[in-house]
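Engineer: One structure is given below, represented as C-alpha cells, and several questions about it will come after.
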Amino acid sequence: MFRAYWNEIRQFDLKALIIIVWSTFLLLFTIYFRRVTLFFPEHRFLDRLIVSGIIYMVGPLILLIVFRYKPRDFGIQLGNVKQWIKEMFVFFAIMAVILVIAFKFTNLKNVYPLFREARVNVTYFFIYQGIQLFHMFTWEFFFRGFMLFGLEKKYGKLAILIQTIPFAIMHFRKPALEAYGSIFAGIFQGTLGLRSRSFIPCAILHFLVALAADLLGLWW
C-alpha cells in the first residue's frame, strides 16, 4: 500500500509539488509567527505587517537560492513596462470608481485606514504607508511572483486560478465585501502579472488601491 502511495506521489511534477507545499507552509507560518512582537511592541498591527512581509519575501528566496532558480522564474524583472504601466493605471481607475461607490454605500469609511493611529496622526500615517508599501510588494511577490510564475510552466494560465484561492482565503479577516472582491482581484492581478512578465505592476497597483482606500477613509 505504501509503495502504491509513493508511486502516486512520484508522478507529481517536482517543482510544482515543492512550490505548493512550501507556499502552503509559509502562509500557515505567517498566521502563527506574526503573533510574535519584534519591531513595534506598542503597535502590534504594524509589527504583523513587517513580520509577515519578511516571510513572504525570504521564504520564496530560499527556494530560489537552494534550487538555483533564476529571478525571472519568479517574476523578478521589470517585464514589458510600456504595456503594464498603461494597463495598471486603467485597472487603478476602475478600482478607484469601485472604491468611491463602495465607500459611499457601505461602512468602509469606518474601517480604513486599518491602522487606527494613522487616522489621527500624520506621522503615523506616513509610517504606516511606508510599511504597507513594503508589505504589498512582498505580498505580491509571494502570490503574483513566486506562486504564479513558479506554477506557470506546469499549469499555464491555470496558475492564475491556483494562486487566487489562497490569496482570497488570506483576506478572511477583511470586510466581507473586500474578501469576496479579492477573488476577482486575484484573477485580474494574475492576468496582469503574466501579461507583464513581472509581479511589479501588481505590487504597485495593490499599494495604490490600498492608499486610495485609506485616503477615502480619512476624507470621504
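Engineer: Connecting C-alpha atoms closer than 10 Å in a GNM of the chain, tell me which of 38, 161, 64 has the biggest fluctuation.
Structural biologist: 38
Engineer: Which helices of the chain meet both criteria: a Cα extent of 24 Å or more along the helical axis and a mean Kyte-Doolittle score no lower than 1.0, with helices taken as whole DSSP H segments?
Structural biologist: The qualifying helices are 14-33, 44-66, 81-105, 200-219.
Engineer: So for each of 175-185, 201-211 I average, over its residues, the number of other beta carbons within 10 Å; can you give me the resulting order with the highest mean first?
Structural biologist: 201-211, 175-185
Engineer: Restricting to DSSP H runs of at least four residues, report the calculated mean residue ellipticity at 222 nm for the chain, -39500 (n - 2.57) per run over all residues, nearest 500 deg cm²/dmol.
Structural biologist: Roughly -24000 deg cm²/dmol at 222 nm, from the helical runs in the chain.
Engineer: Let me ask something else about it. Of 82/104; 104/174; 86/157; 15/157; 82/153, which sit over 28 Å apart, Cα to Cα?
Structural biologist: Beyond 28 Å between Cα atoms: 82/104.
Engineer: Let me ask another. Please report, to one decimal in angstroms, the Kirkwood hydrodynamic radius of segment 2-219 built from all distinct Cα-Cα pairs.
Structural biologist: Value: 18.3 Å, from the Cα pair sum.
Engineer: Separate question: At 0.36 nm per residue, and after removing the present C-alpha to C-alpha distance, how many nm does the segment from residue 179 to residue 33 gain when stretched out fully?
Structural biologist: So the chain would gain 50.3 nm between residue 179 and residue 33.
Values in this text are rule-based calculations from the coordinates and carry no lab data. Remember, it's a predicted structure, so these values are computed and weren't measured experimentally. Positions of Cβ are generated from backbone atoms using ideal geometry, with glycine treated the same way; all protein chains shown enter the neighbour counts.
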